[in-house]
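A.B. asks: Right, I'll just put the structure down here and ask away after.
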Amino acid sequence: MEYDEFKKMFMEEVEHEIKARIIEGVTISNEEIRSPEGMTDRLIVKMENSNISMAFRLQEIYEDYDGRLDVQVEGLVDTIQENMNVREKEADVKSFIMDFERAKDHLHLRLIPGDSPALSDTPHVMIEDMALVSNLDIVGFAEDGRTCAIICDALLAHYGISKDELFEIARDNSVAMEPLKFEALEHKVASLLQEEDIYVPVDMNNTAYIATNTSGFNGASVIAYPDFYEKAVETMGGSFYMIPSSVHEFILIKDDGGINAKTLNAVIRDVNKNTLKPKDRLSSQCYHYDAKTKKLEQGLKFDKRIKEKKVGAR
Amino acid sequence: MRSEEIRIPEPEIIAEDTDKGKRLFVYASALSEARGKSSGLMAELEKTKNAVGENA
C-alpha cells in the first residue's frame, strides 16, 4: 500500500475508533510540522481547552505497518486515552519551562542535524554540518519516554541570560549528570543482543568504539564535552574517524589506514536510508580527528588533503 | 516581555531508543565487511542477523 493511501485510511480509522470509544473533546488533523530532524508529516490530536497537542509521526507508523491496521489504530487511540490528562499537566509544564530557576538544572546539550528547520529561531553552535542546541528535559511529564523542549530565542530572552551562559549551563549539567562513555562496538553489540552463547575472543583487537553518554540518550552531544577529544585519542590510540551513527552516539574508527572516508560515507548513507529512523538521523558523512594537529574536519576533506600531500611529496 | 506573550517551544515526547541494538549491529557488520575482515565475534553475530531483524 502506498503511503498516501495508508495515511488516508489510517486517519479515517483513528477518527472512527475515537467516536466508537466516545472520547470527547478531541479532534484530529494532518499537518506537516517542524521537527529537529526536518519537516515531518504528523497526525495531530488537539484537545479542547488545551494548547498542547499530541503529534504522531505518520511516516514511522506507515513503516511499521505489517497488514494489521486495526492493531495500529487501537494502539494509537490507547495512547491518546492514556495521555488525556495532558490538559491537567499543561499549566505545570508551562510554568516549569518558563521558570529559569527550576529549568536550569535540567538543561542539557543536544546535537541535531545542521539543516534542521528548528534552527531558524534557536540559539545553536555549529559543529561542522551538525548543530549543538540546548535541550530542556521536562521531568515527571511523560510515563513512556522523555519530554523535551529545545530552547528557542524567545525563551532565552525570557530567561535573561546570554547564549554563552545557556550553553555553559547545559554543558556543565551534561558533563556532571551524563558523563562521557566509550565502549568497544562489538562488545556493545553482543551485550545488546543478549546472546549468551556467542563466542567472544579474548583479544578482539578493537578498532571501533561507541562514544556516548551514560544513559545513551542524545549521547552524540558528548563530542562537545571539553575533554572529549583528549579522552577519545587516549581510547583510540591516535587519530580516528567519527561516524554519526545517530543522535544518540558516535562510532569512532581508528585511522590505521585500513579504511577511508569514502567507504565510511557509503556505509552511513546505507544505514541512514535502510535502518535508521528519520528522528534519529544526525548526518550523512563521517568526520576525522587528527591527534597531532588536534583538528576536526569532514572525512572527505581530510582524505583529499592527505592524498594531495602524498602526491606533492613524490 | 511578559511571560504570557512568549510562545514557548512545544514539548516533544521522545520514546526511548529501542533501535540501538539493530543499528549498532548493522554498523558493526558493515564496518567489518568494509575492512575486508570479520572477527570471530562478527562471524558469530552474522548468524543471528535474521533473528535481529525479526526481534528489533
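Quick note: the coordinates plus some simple rules give every number you see, no bench work behind them. Quantities reported herein were computed from a predicted structural model and do not represent experimental measurements. No Cβ is skipped: glycine too gets one built from the backbone with ideal geometry, and neighbour counts run over all protein chains shown.
A.B. asks: Given A:Lys262/A:Lys309; A:Lys163/A:Lys188; A:Lys188/A:Lys279; A:Lys254/A:Lys309; A:Lys94/A:Lys231; A:Lys89/A:Lys279, which pairs have Cα atoms separated by over 29 Å?
C.D. replies: A:Lys163/A:Lys188; A:Lys94/A:Lys231
A.B. asks: Label 7 Å along Cα→Cβ of A:Asp92; the stretch A:39-55 residues with amide nitrogen under 20 Å?
C.D. replies: A:47-55
A.B. asks: Which net charge results for the neighbourhood of A:His16, defined as the other residues with beta-carbon distances under 13 angstrom from its beta-carbon, given Lys and Arg at +1 and Asp and Glu at -1?
C.D. replies: -3
A.B. asks: May I pose another question? For the stretch A:3-84, what relative contact order do you get, as a whole percent, if you take Cα pairs closer than 8 Å and at least 6 residues apart?
C.D. replies: Relative contact order comes out at 29 percent.
A.B. asks: If one computes the Cα centroid of the stretch A:38-84 and of the stretch A:252-281, what distance in Å separates the two points?
C.D. replies: 31 Å
A.B. asks: I would also like to ask the following. Run lengths n ≥ 4 of DSSP H only: what is the helix-derived mean residue ellipticity at 222 nm for chain A, with -39500 (n - 2.57) per run over all residues, to the nearest 500?
C.D. replies: Theoretical 222 nm ellipticity from helices: -12000 deg cm²/dmol.
A.B. asks: Mind checking A:254-262 for the average number of partner chain beta-carbons within 10 Å of each residue's beta-carbon?
C.D. replies: Other-chain Cβ atoms within 10 Å of each residue's Cβ, averaged: 1.
A.B. asks: Still on this structure: Under the definition of Cα pairs under 8 Å and six or more residues apart, what whole-number percent is the relative contact order of the stretch A:76-145?
C.D. replies: Dividing the mean separation by the residue count of the stretch A:76-145 yields 31 percent.
A.B. asks: Moving on. Can you give me the Cα centroid spacing of the stretch B:23-37 and the stretch A:105-175 in angstrom?
C.D. replies: Centre-to-centre (Cα) distance: 33 Å.
A.B. asks: Net charge near A:Val139: determine it from the other residues with C-beta under 11 Å of the C-beta of A:Val139, scoring Lys and Arg +1 and Asp and Glu -1.
C.D. replies: -1
A.B. asks: What does the charge count near A:Ala266 come to, summing +1 for each Lys or Arg and -1 for each Asp or Glu among other residues with Cβ under 14 Å from its Cβ?
C.D. replies: For residues surrounding A:Ala266, the net value is +1.
A.B. asks: Between A:Asp70 and A:Ala20, what is 0.36 nm times their sequence separation minus the Cα-Cα distance? Round to one decimal in nm.
C.D. replies: Here the segment from A:Asp70 to A:Ala20 would lengthen by 16.7 nm.
A.B. asks: Additional query: Cα gyration tensor of the stretch A:13-121, axes a ≥ b ≥ c as square roots of the eigenvalues: rounded (a/c below 1.5), prolate (a/b > b/c) or oblate?
C.D. replies: In terms of gyration-tensor shape, oblate.
A.B. asks: While we're looking at this one, here's another question. Averaged over every viewing direction, what's the projected area of the C-alpha convex hull for chain A? Give it in nm², one decimal, please.
C.D. replies: 20.3 nm²
A.B. asks: List the relative contact order of chain A as a percent without decimals, with contacts defined as Cα pairs under 8 Å and 6+ residues apart.
C.D. replies: Relative contact order of chain A: 12 percent.
A.B. asks: For A:Glu63 and A:Asp99, FRET efficiency with R0 = 45 Å and r from the beta-carbon atoms, rounded to 0.05?
C.D. replies: Working: r = 38 Å, r/R0 = 0.85.
My answer for the efficiency is 0.70.
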